[in-house]
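Let me begin by presenting the structure, written as structure tokens, before commenting on it.
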Amino acid sequence: MAFVLLVEPAAAVAGSLRRFLEGAGHEVSWVASAEEAQRAARERPPAVVLAAGTGAVDGESLCRALRAQNASVPVLLMYPPDEEQADTRAAQAGADGSLVGPLKRATVLTCVSLLLQRDEARRTPSATAGAAPSRAAPALELEGRRVTREMPAIGAASPAPSQSSDFEFLKRLMVMEVKRSRRYRYPIAVLMVELDRFAERAAGLSTASRTVALAEALGLLHSGIRDIDVAVPFVDSRFVVFLPHTPRSGARVVAERLREKLKGAKVLPAGTGSVGVSVSEPPAGKVAPGAAHTQVSFGGLLKDAGDALRRAQAAGGDRVEMAPEAPAPGKPQEG
């Protein structure tokens, strides 16, 4: 359970959001103005702030004020359906993510869960780009169980990735980082990780034991990444790991580390995992409009990582495969 500060002037909207959050086990404090929100945050620091981005509350200004008051509190801004620049506006305000209405229960809970997961990872000892971190196994297990409880699809058959509301909100959370990469020209990487032959190996386990096994795998992944990275369940026994500020060479190092980490599982021992890696490395200097590398997107990176994962699995599993490098500026693609 987490303490969520809800900042929304409309009582009807706030009532629905409060029911969503409290139904998932969160404790919610609702206020209707930015002034009340700042006072409430001082009296009791929230785990997450969920605030209307515009209108009477002006959540963007509130976010800046909260950052000055408590730089680490995760902030999620909500925008009306007609707002086309929600991600950009939220990023400029310093928020961790944005939601665009109409707001549905699954999407709200998933996004809040992701923020809680990332914040907990940041507050524990973590990895650097070149060295594995040391994190207590019980804490990792607990974190994994919390995520699987709020995202039940991890333990059962899930919709196709393109239809999964869980993944759509992971995409919204990550799309701002992709935009920052384009603007500030730093590399980003996406890893698609899957437990080899999980369905076959877990066939004799109960549903609860399968969930614990997947939670353990998620914990092992967390133990091998930095506090600025994000690892989340994707579908069935597959996970997505997002690595900002990570070049191709560093992404391979992390991928190999995670592959080795998965061999330490205890619920289903002697298991292995396969990893597909895609990387965007924007070149320095000015870029000609329409150049291939300027079209990078989180969806494109995910597809390339998925293709690389399938190659790793086709080769027998327990391996890392890299997606092909993007062509240099002005260089035509082959084929």
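Distance between the 7 Å Cα→Cβ label points at Ala199 and Ala315: 2.4 nm.
The label point for Phe3 and the one for Glu36, both projected 7 Å from the Cα toward the Cβ, are 1.8 nm apart.
Here the simple spin-label model places points 7 Å from the Cα toward Cβ, and for Thr54 and Ser16 these points are separated by 1.8 nm. For Lys303 and Asp82, a Förster radius of 35 Å and the Cβ-Cβ distance give a FRET efficiency of 0.75, rounded to the nearest 0.05. In plain terms, the residue of Glu43, Glu22 with the fewest other Cβ atoms within 10 Å comes first and the most crowded comes last, giving Glu43, Glu22.
Computed from the C-beta positions of Arg64 and Glu325 and an R0 of 41 Å, the FRET efficiency is 0.60 to the nearest 0.05.
The packing ranking of peptides 7-13, 90-96, highest mean first, is 90-96, 7-13, where packing means the average number of other beta carbon atoms within 10 angstrom of each residue. By the count of other C-beta atoms within 10 Å, a proxy for reagent exposure, His222, His245, His26 are ordered fewest to most as His245, His26, His222.
Every read-out reported here was derived from the displayed coordinates using simple, explicitly stated rules and does not represent laboratory data. These numbers come from a predicted model, not from an experiment. Ideal geometry is used to build each Cβ from the backbone, glycine not excepted, and the neighbour counts take in all protein chains shown.
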